[in-house]
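The values are calculated or read from the model by the stated rules, or taken from the named source; none is laboratory data. For clarity, every value in this text was computed on a predicted model and none was experimentally measured. Here the Cβ positions follow ideal geometry from the backbone for every residue, glycine too, while neighbour counts run over all protein chains shown. Areas reflect the complete protein model, heavy atoms only, side chains present, ligands, DNA and RNA absent. Shrake-Rupley method; radii C 1.70, N 1.55, O 1.52, S 1.80 Å.
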Amino acid sequence: MRNLSHGWFANAVRANSRRNCRTQISSITFHFSLFTFHFIILSMNKNTIPTRDQVPESDKWDLSTLYKSDEDWEKDLSSIKKLTEKVLSFKGKLGESPESLLSCLKANEELEKVIETVHEYAGLLHTADESDSKAQDMEGRAMMAYSSAESETSFFSPELMSIPDEKINEWKNLPEFADYKIFLEKLLHHKPYTLSEKEERILSLQTESSETASKAFSLLTNVDLQFKSVTVNGEEKPLTQSTFTTFLHNPDRAVREQAYKNFYEAFVKHENTIASLYAGSVNQDVFVARARGYKSSLEAALYGNKVPESVYRNLIETVHKNLPTLHKYYSLRKKILGVSELRHYDVYVPLVKNVETKTSYDEAVEICRNALSPLGKEYTDRLCDGLKNGWADRYENKGKRSGAFSSGAYRGYPYILLNYKDDVIRDVFTMAHEGGHSMHTYYSKTNNPFMCYNYTIFEAEVASTFNEELVFEYLLRQAKTPEMKAYLLSMRADDILATLHRQTMFAEFELKAHELVENGTPLSAQVLRKIYRELLEQYFGPEMHFENESDMEGLRIPHFYGAYYVYKYATGISASLALAKRVTQGGEKEREDYFKFLKSGGSRYPIESLKIAGVDMSSSESIQAALDVFADLVKELESSLRPE
């Protein structure tokens with residue numbers, strides 16, 4: 001009836017796409033920003049990593065809030081078919097009476113709750129140990145059940161749209177529809193662009209084929225591409241998509257250069273194929289937008305969340321106005337690194353060597369408690385109790401998924417996967433970040449009915465990066481050495497740059513590519529590389545010297561196969577920085593406004609919920625404020641660092 005991904009699937013996406021449920025969404029998992037994705041280079045000997053059964057129960061998440069046993073899970077899984085049939089029994093009857101529509105909504109709610117919980121449980125088991133064949137089987141069966149239910153109930157939207165406006169508007173305002181009113185209103189918002197049942201079926205039939213470009217790109221770049229190795233300290237090291245970032249962080253410039261050139265050399269060899277795949281993805285976006293009657297693919301992407309196009313364009317325009325500060329940062333980077341020419345492979349190596357610290361898991365929890373104290377004792381107590389008692393899967397084990405995520409269903413805890421290491425200061429930020437997601441989920445589901453509890457991806461990164469900002473400010477105040485202060489400032493500047501400036505550049509590339517197709521210009525490797533090189537030169541400024549292959553970067557970003565997504569990172573961090581300042585410098589009202597946002601869930605559109613919190617994303621003010629924060633960091637770095 002609607003996309004049944006309302007719960008578990010949307011949670012997975014907003015929590016950094018922890019499951020590769022759909023190809024176009026799985027591409028989201030690649031992101032240069034360490035601000036939102038916490039891919040950790042493992043330094044410990046693999047032989048010391050415990051197997052899952054060796055991990056103490058106190059270090060694991062407690063999944064009993066979902067199911068007491070696998071047998072209970074099996075019972076719910078087996079019930080999905082019957083629940084789907086119950087929803088299907090209302091086909092052709094939705095417009096007969098308010099009672100009939102309400103009964104269908106209740107049946108669908110029951111179905112969705114079960115699907116969400118079934119997949120949440122299986123997915124968490126799988127990510128905790130991806131080598132566990134039983135967990136693999138459980139997650140596969142959960143996905144099959146979801147796909148089948150979605151197909152069987154696809155009749156709902158077109159049939160709902162066929163109910164006369166005066167009738168459906170009267171029904172949804174009846175008291176008994178209170179839990180479903182917002183869901184219905186958001187669904188009916190799409191009515192102008194919803195086609196006939198036959199046309200909708202035709203579009204749905206090409207859903208799988210529309211993912212061909214994304215699937216082929218993923219297979220080509222993750223499986224088929226072969227990269228030359230990189231020499232490190234006389235040893236040949238394998239170069240892969242995963243190790244590329246590691247090499248770019250290497251302090252040895254020769255290693256960085258070799259890795260960079262070897263990496264892009266492989267992409268250049270396939271530039272026409274990759275360009276054709278991306279062109280196919282863009283053409284698909286344009287086709288769907290035109291088929292539904294949108295004036296552009298950008299409007300089609302933003303319409304569902306009522307995000308004005310001006311938000312997207314204001315972001316790009318405001319970042320453009322502030323590019324001199326970004327160029328100043330790269331000039332500083334050149335001086336600190338002591339290079340005669342700044343190269344593209346020099347922009348990720350840390351400006352400050354990692355400061356050796358030891359922070360136990362429990363100490364990190366207490367840092368979160370103290371840093372987040374402006375949000376009040378109820379917030380910090382609940383979060384810290386959850387981190388210590390059942391919400392979090394704390395440490396690495398063999399087969400466990402790398403990185404971190406937060407994922408919560410309507411039932412059960414808002415779970416957090418960590419791979420915490422006490423000698424990696426970033427892991428403290430990771431804990432706070434994922435804790436922000438989980439508290440957002442907690443407040444959303446405890447203050448809204450199931451059918452409208454789930455917040456959008458546009459809002460998702462606000463609560464998480466808000467927490468990171470408070471942790472940064474707290475640790476900066478607590479810094480005992482100039483080295484630690486410089487390290488924190490450098491890390492923070494790089495994080496904001498990666499999330500705000502870089503994602504805006506990506507967003508501008510997407511917009512330019514789509515507009516070319518919409519205006520009748522076909523996309524080729526030469527056209528796409530030219531667009532991207534111009535953006536590279538514009539954003540990085542005069543200090544940067546690019547290689548011939550540098551513009552191939554624009555053809556290797558998986559994000560671009562889920563069009564118009566990356567801008568949300570930039571708007572998210574802008575909102576969170578503004579709100580963090582508002583809450584920490586304000587009083588009770590400002591804090592309560594922020595909690596109204598956390599409690600909104602899916603009851604409002606994102607621009608509206610953020611406006612209630614105290615930030616207007618329809619203007620460029622918050623974007624400018626975030627860029628001002630970056631400018632201040634650059635100034636502080638200039639005084640903290642001295643060229644070698």
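First measure r as the distance between the Cβ atoms of Glu317 and Lys635, then evaluate 1/(1 + (r/R0)^6) with R0 = 25 Å and state the FRET efficiency to the nearest 0.05. Can you show the working numbers first?
On the way: r = 24 Å, r/R0 = 0.95.
Efficiency at R0 = 25 Å is approximately 0.60.
Computed over the Cα atoms, what is the radius of gyration of region 333-477 divided by 2.2 N^0.38 Å, N being its residue count? Each step should come with its number before you reach the end.
Working: Rg = 17.6 Å, N = 145, 2.2 N^0.38 = 14.6 Å.
For region 333-477, the normalised Cα radius of gyration comes out at 1.20.
Given H placed on each backbone N at 1.01 Å, which residues far from His545 in sequence or on other chains put an amide H within less than 5 Å of it?
Long-range HN contacts for His545: Leu342, Arg343, His344.
Cα gyration tensor of region 500-644, axes a ≥ b ≥ c as square roots of the eigenvalues: rounded (a/c below 1.5), prolate (a/b > b/c) or oblate?
Numbers: a/c = 3.31, a/b = 1.42, b/c = 2.32.
It is oblate, given that a/c is not under 1.5 and a/b is not larger than b/c.
Which shape class applies to region 221-314: rounded if a/c is under 1.5, otherwise prolate when a/b exceeds b/c and oblate if not, where a ≥ b ≥ c are the square roots of the Cα gyration tensor eigenvalues? Don't jump to the answer; show the numbers that get you there.
Values: a/c = 4.23, a/b = 2.31, b/c = 1.83.
Since a/c reaches 1.5 and a/b is larger than b/c, the shape of region 221-314 is classed as prolate.
Using a simple spin-label model with points 7 Å from Cα along the Cα→Cβ vector, what separation in nm is obtained for Glu363 and Thr481?
In this crude label model, Glu363 to Thr481 measures out at 1.3 nm.
Using a simple spin-label model with points 7 Å from Cα along the Cα→Cβ vector, what separation in nm is obtained for Ser196 and Gln585?
With each label point 7 Å from Cα toward Cβ, the separation is 5.8 nm.
Binning at 5 angstrom from zero up to the longest distance, how are the C-alpha pair distances of region 456-525 distributed in percent?
For region 456-525, the pair-distance distribution reads 3, 13, 15, 16, 13, 11, 9, 7, 5, 4, 3, 1.
Give me the one-decimal nm value for the distance between modelled label points at Glu309 and Glu341, 7 Å along each residue's Cα-to-Cβ direction.
That separation, rounded to one decimal, is 4.1 nm.
Order these peptides, 519-532, 282-295, by their mean beta-carbon neighbour count within 10 angstrom, highest first.
On the way: 519-532: 15.2, 282-295: 17.5.
Most protected by this proxy first, the peptides run 282-295, 519-532.
Roll a 1.4 Å probe over the protein chains and send me the accessible area per residue for the chain in Å². Numbers along the way, then the final one.
Details: 25950 Å² over 644 residues.
Heavy-atom SASA per residue in the chain reads 40 Å².
Spelling out what I want: for every residue of region 99-113, take phi, set θ = phi - 60°, compute 6.51 cos²θ - 1.76 cosθ + 1.60 (Karplus), and round to whole Hz; glycine and proline get x.
Working through the residues one at a time gives 5, 5, 5, 5, 5, 5, 4, 5, 5, 5, 4, 4, 4, 5, 4 Hz.
Carbon and sulfur together cover what percent of the accessible area of region 51-188 at a 1.4 Å probe radius? Intermediate values should be presented prior to the final figure.
Numbers: 3240 of 6440 Å².
Summing carbon and sulfur atoms, their accessible area is 50 percent of the total for region 51-188.
Quick check: at a probe of 1.4 Å, how many percent of the accessible area of region 354-498 sits on carbon and sulfur atoms? Intermediate results must be reported in sequence, preceding the final value.
Values: 2120 of 4380 Å².
Carbon and sulfur: 48 percent of the exposed surface of region 354-498.
So who's got an amide H within less than 5 Å of the one on Lys237, skipping anything under 5 residues away but keeping other chains? H placed 1.01 Å off N, in plane.
Answer set, sorted by chain and number: Val230, Thr231, Val232.
For region 487-644, please report how many Lys pairs fall under 17 Å Cα to Cα, leaving out neighbours fewer than 8 apart on the same chain.
Taking the Cα cut-off of 17 Å, the pair count is 9.
Which one is right for this structure if P(r) over Cα pairs in 10 Å bins from 0, in percent is calculated from it: (1) 3, 12, 16, 15, 14, 11, 9, 7, 6, 4, 2, 1, 0; (2) 3, 15, 24, 25, 19, 10, 3, 0, 0; (3) 3, 15, 26, 28, 19, 7, 2, 0?
After the calculation, the listed value that fits is (3).
Suppose only helical runs count, i.e. DSSP H with n ≥ 4. What mean residue ellipticity at 222 nm does that imply for the chain under -39500 (n - 2.57) per run, divided by all residues and rounded to the nearest 500 deg cm²/dmol? Please list the in-between numbers first.
Details: 28 runs with 379 residues, N = 644.
Value at 222 nm, helices only: -19000 deg cm²/dmol.
Over what distance in Å are the Cα centres of region 99-161 and region 577-639 separated?
Value for the Cα centre distance between the two parts: 35 Å.
Beta carbons within 10 angstrom, averaged per residue: use that to sort the peptides 304-311, 156-163, 49-56, highest first.
156-163, 304-311, 49-56
Near Lys335, which aspartates and glutamates are there with a Cα under 13 Å away, not counting those fewer than 8 places off in the same chain?
By straight Cα distance, Lys335 reaches Asp346, Glu543, Glu638, Glu644.
Using 0.36 nm times the number of residues separating Asp179 and Arg382, minus their current alpha carbon distance, what extension gain do you get?
Full-extension gain reported as 70.4 nm.
Quick one: with all protein chains in place, what share of the accessible area of region 201-284 is carbon or sulfur, to the nearest percent (1.4 Å probe)? If you can, show how the numbers build up before the last one.
Numbers: 2270 of 4430 Å².
About 51 percent, which is the carbon plus sulfur part of the accessible surface.
Just order 267-278, 401-412 by mean Cβ neighbour count inside 10 Å, highest at the front, would you? Can you show the working numbers first?
Details: 267-278: 17.7, 401-412: 22.7.
Order by mean packing, descending: 401-412, 267-278.
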